[in-house]
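Worksheet for the structure shown next.
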Amino acid sequence: MKEKILDCYIFTLRKRLSDISLIGMISKIFTPRIVAGSAGLALLTILLLLPFSSAWAGKRVNLDITSAEFKKIPVAVPYFVDSNRPNEIQQAGQELAMLASKALDFHGFIKTISPTSYGGRQDADWANVGADFVVTVQYAGSADNVVMEMRLTDVLEGKMILGLKYTFPWNKRKQMVLKFCDAIIEKLTGIPGVCDTKIAFVSDKTGQKEIFLVDIFGDSVRQVTRHKFLAVSPRFSPDNKKLAYTSYHRGNANLYITELSQDKTTQAFSRRSGLNMAPAWTPNGDSLVVTLSKDGNPDLYQLSTDGSVVRRLTTNAGLNVAPCFSPDGSKLAFVSDRTGEPQVYIMDYKSGTVNRITYQGNENTTPAWSPDGKWIAYTGKDDGRYQLFKISPEGGQPVQLTSSAGDHEAPSWSPDSRLIVFSRAVNSQKKLYVISQNGKDMRQLYSFEGNQTTPQWSNRMN
Amino acid sequence: MKGDFVKMLVVASLVVSASFLATGCSKKAVPPEGKPAAEVAPIEKQKPDIGDKMGKTESLDSNPYTAANAKISEGRTHGPMLPVYFDFDKSDIRGDQKARIEGNGDFLRANAKVQIAVEGNCDERGTNDYNMALGERRAQQAKKYLVNLGIADTRLDTVSYGEEKPLLYGHDELSWAQNRRDDFVIR
């Protein structure tokens, strides 16, 4: 299983923080190697904990968390310990442990055990506490340079199964804890976690609808548009560097693309008469499919990255909207009302051949293809309310995901295909929720002011 | 909408519904007396020409059919034109709405310099993206109707607001019926 650890290690390096340079690191064969970084930035070293690499020989930990019967894994995250003061409980150690618990719980298949039930100590009797796994972290150092050793232990096997050591400035401690949590998720399931992702959404809290970005925990909200009129339908580019949206501030429903590395400018990408909206980027980013009405009917068009029309994809077949690519880019899911009612269709992107896949109910819209390619989530009208469903891209029997009160709309998948974010309207209040892909564990994500709608989950940021 | 308009909170539900009923085009039940039918949305109204300095020289012969001078008739439509209303999830011009759109055509024919935007709107039911396309088709249907009446299509823009700019914020058929609407707005 050494290979597994190394995969994780490489992944950790790839996900380095954008504003930190890797100045020194130890390569996977433990030979020091220097990577040049931009000057003046903090030192960040990532080391494997050597004792653990030799100890590693245990069974592969790869849990099947996709079944509806899956029971959450109990994990203990005792307070992080300052190695220089091992017998005191530090506030920082408590806060970071709480952050790690929140991050692990977010993924929907872990239930962390409250530290108060065992005093938050790292030497508790874990079998007695009821933990299957334990996350223990020690840290030591100054404000400039902190060394953090993080371990994941399998309680039943009595073995450490993941050990990582990070050196970083103290102000990066939260990012490093989240990085470790993503590595824990990967160790347990084979797929990294999604701590380093964002969600774009529309909010009316300023009085007009504008586009916002937020991390998954709701800690840092960024208002992207300030058009002060009406901005809707955010869509990330596959590399997360751009955000497309439709805004009406110039009197037409124009499609804009803004670079997220800055917050001053945007550019009209398509401003043809009528509707210009909701692009689906091809997964490799080389073209976009948008809905235009320039020829008199809302239809799908392929545009190149310079905004010119490459080809028209739908003609004389009702309205056509809400395009979404399969992860391999070979197929396009979209909504058409060509039969008189909106249903989900799949188009072979090359040949243009179209197949209808939803037949249950008379209103099915907003398809979202899961990143692992297995499912298409969508909004369906059921008994007068809007609920979320998923269906195989080959069609067949849909699986109903939500059934609670109110309207559930506009699903968007997490990059690990484990969670779906959507907006739910209850008592005229629209808020963002997540639900596990098996339809379990629906929860409200944020308690922001105003209404939040049409969420879009980014890919992993780095 | 043009920048000439500012949003003002106007208690306009009586005005709107009175004119609406007076035109004889409402099929909706009148809400029980004394019970508010729905919350009322702000109505955009033109900015009055006020300021500390003297105004610009202007014609003695005012044109009421400019974006700056036009008055709302009903919905967000500029008079003397009238909005047209749609059935749920439909975009065809209903028989009882044809007199309205033909009246709008007469107005446009008589005022050849007037440019308008046909603004399609939907009720809140259904997803935002779908409603955006549905509102666009409602606007396009009215545009086609006007073009068939002989109005040059270069005078007619379309804008769909989908469900994003409801006129009435209620969650009942009375609000929904008023929100499923094409407005005719002078540009």
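In segment A:385-462, the portion of solvent-accessible area held by carbon and sulfur atoms comes to 41 percent [1.4 Å probe, whole percent, DNA, RNA and ligands not counted].
The mean number of partner chain beta-carbon atoms within 10 angstrom of a residue's beta-carbon across peptide B:159-165 is 6.
Set the Cα radius of gyration of segment A:189-242 against 2.2 N^0.38 Å, with N its number of residues, and you get 1.30. Name the trypsin sites (Lys or Arg not before Pro) in segment A:379-462 that are in a loop by DSSP and that have at most 16 other C-beta atoms within 10 Å, would you? Those satisfying the criteria are A:LYS440. Figure legend: label point modelled 7 angstrom from the Cα of A:GLN360 along Cα→Cβ; no residues of segment A:404-437 have amide N under 11 Å from it.
Buried accessible surface for the B/A pair, both sides summed and rounded to the nearest 100, is 2500 Å² with a 1.4 Å probe. Burial of accessible area (probe 1.4 Å, heavy atoms of protein chains only) in segment A:234-275, relative to its chain alone, reaches at least 50 Å² for A:TYR248, A:GLY251. Compared with the direct C-alpha span, the chain from B:ASP92 to B:ARG109 gains 3.9 nm at full extension, assuming 0.36 nm per residue. Between B:MET132, B:GLN115, B:ILE93, whose Cα lies farthest towards the positive end of the dipole of segment B:82-143 when Lys and Arg beta carbons carry +1 and Asp and Glu beta carbons carry -1, centred on the Cα centre? About the Cα centre, the residue reaching furthest to the positive side is B:GLN115. Using the Cβ-Cβ distance between A:ALA405 and A:GLU157 with R0 = 41 Å, the FRET efficiency computed as 1/(1 + (r/R0)^6) comes to roughly 0.40. Of interest is the spacing of the C-alpha centroids, which for segment A:106-129 and segment A:403-419 amounts to 29 Å. A DSSP coil position with no more than 10 other Cβ atoms inside 10 Å describes the following trypsin sites (Lys or Arg not before Pro) in segment B:79-138: B:LYS113. Here segment A:307-357 is treated with +1 on each Lys and Arg Cβ and -1 on each Asp and Glu Cβ, and its dipole about the Cα centre works out to around 160 debye. Put a dot 7 Å past the Cα of A:ASN284, heading toward its Cβ, do the same for A:ASP372, and the two dots end up 2.6 nm apart.
The distance separating the Cα centre of segment B:84-109 from that of segment B:121-175 comes to 12 Å. Annotation: per residue accessible area for segment A:198-457 equals 37 Å², rounded to a whole number [probe 1.4 Å, protein chains only]. Residues in segment A:408-415 carry Karplus couplings, in order, of 10, 9, 6, x, 9, 7, 6, x Hz; the curve used is 6.51 cos²θ - 1.76 cosθ + 1.60 with θ = phi - 60°, and Gly or Pro positions show x. Students often get this wrong, so check it: of A:LYS179/A:LYS431; A:LYS72/A:LYS431; A:LYS174/B:LYS165; A:LYS165/A:LYS198; A:LYS111/A:LYS159; A:LYS71/A:LYS381, which have C-alpha atoms separated by over 32 Å? Exceeds cut-off: A:LYS174/B:LYS165.
Since only A:ALA200, A:PRO323, A:ASN364 are under comparison, the one whose Cα sits farthest along the positive direction of the charge dipole of segment A:198-457, derived from C-beta charges on Lys, Arg, Asp and Glu, is A:ALA200.
Contact residues in segment A:400-421 by the 30 Å² criterion (accessible area, 1.4 Å probe, full protein complex versus chain alone): A:GLU409. Starting from a Cα-only point model with no solvent, please compute log10 I(q)/I(0) by Debye for segment A:198-457 at q = 0.07, 0.14 1/Å. The Debye formula, applied to the Cα set alone, gives -0.21, -0.94. When +1 charges are put on Lys and Arg Cβ atoms and -1 charges on Asp and Glu Cβ atoms, the dipole computed for segment A:209-308 relative to its Cα centre reaches about 400 debye. Sites listed here are chymotrypsin sites (Phe, Trp or Tyr not before Pro) in segment A:192-229 whose DSSP assignment is loop and whose Cβ has at most 12 other Cβ atoms within 10 Å, and the list is empty. Model label points for A:ARG385 and B:HIS171, set 7 angstrom from Cα along the Cα-to-Cβ axis, are 1.0 nm apart. From the alpha carbon centroid of segment A:343-365 to that of segment A:280-320 is 16 Å. In this label model, B:GLU58 and A:ILE89 are separated by 7.2 nm, measuring between points 7 Å along each Cα→Cβ vector. A Förster radius of 56 Å, combined with the Cβ-Cβ distance separating A:ASN240 from B:THR154, puts the computed FRET efficiency at roughly 0.85. In a reduced charge model with +1 at each Lys and Arg Cβ and -1 at each Asp and Glu Cβ, segment A:198-457 shows a dipole moment near 460 debye about its Cα centre.
Beta-bridge orientation, segment B:59-187: approximately 60 percent antiparallel, per DSSP, counting only bridges with both partners inside. Along the axis of the charge dipole computed for segment A:117-242 (Cβ charges of +1 for Lys and Arg, -1 for Asp and Glu, origin at the Cα centre), the listed residues A:VAL232, A:ASN145, A:GLY218 are led at the positive end by A:VAL232. For segment B:116-131, heavy-atom accessible area (probe 1.4 Å) falls by no less than 40 Å² from the chain alone to the full protein assembly at B:GLY126, B:THR127, B:ASN128, B:ASP129, B:TYR130. Ordered by solvent-accessible area of protein heavy atoms (1.4 Å probe), largest first, the residues A:VAL310, A:VAL289 come out as A:VAL310, A:VAL289.
The values are calculated or read from the model by the stated rules, or taken from the named source; none is laboratory data. None of these values were measured; they are calculated from a predicted model. Don't worry about glycine lacking a Cβ; one is built from the backbone with ideal geometry, like all the others, and counts go over all protein chains shown. The protein model used for the area step is the full one, side chains on, heavy atoms only, and it has no ligands, DNA or RNA in it. Shrake-Rupley method; radii C 1.70, N 1.55, O 1.52, S 1.80 Å.
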